[in-house]
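Written out below as structure tokens is the structure these notes cover.
Where a number appears in this text, it was derived from the coordinates with a stated rule and is not lab data. Not measured: the values here are computed from a predicted model.
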Amino acid sequence: MNLARSFIFTRVAIFLFFVINLFSIYLLLRGHNHPGGGFIGGLGSGMSLVLLSLAVGVEQMQKVLRVDPVRLATLGLLVATLSSALPMLWGDPFLTQYNIKIGGVGLGTPLIFDIGVYLVVIGITVRLIVILARPVEGLCSLTPIERTRYASEIEKPIDQPIEQKIETNWGGQG
């Protein structure tokens, strides 16, 4: 399905994509000392990708992301879990913080944990938006590759691309 897109909206959305992502990184980096952090920064970045998908389409937005959102979320979960469990190697409790100051900037395990949360939130947000937005553009929610990864083999898809004719008995006999 070819959706007519506004030239002005597309250009503004592309510009805002960069501005919102810059702000989300700011929120990520200030999060363990002030309001913000990985969750709200990830939501900001995820929403910038939603805005981009509205402007250029889901397929183009996925080309910008260049990575499967589920794998991004998995990487984030791995980073957050490892940064939380790392202190246990030295006999400290789970989620013990280790911090160092470099030029007045505090770096440490809370920032690594926030980066993991940031990646999880971006991955989950984008995955949900892609699944919900594809049918609007006349595409199946899951591609054949995604169907083998995320759906059961005995499951039948409930959505079909618009190009396929859906036979019904509404118009005539019956």
Item checked: Quotient of C-alpha Rg and 2.2 N^0.38 Å, computed over segment 99-138 -> 1.90
Next item on the list: Go from 0 up to the bin containing the longest alpha carbon distance in segment 7-140, width 10 Å each, and give me the % of pairs per bin.
Entry: 13, 36, 29, 15, 6, 1
Item checked: Prolate/oblate/rounded label for segment 1-83 (Cα gyration tensor, a/c 1.5) -> oblate
Check: With helices defined as uninterrupted DSSP H runs, which ones in the chain have an alpha carbon span along their own long axis of at least 30 Å and mean Kyte-Doolittle hydropathy of at least 1.0?
Finding: 7-30, 109-133
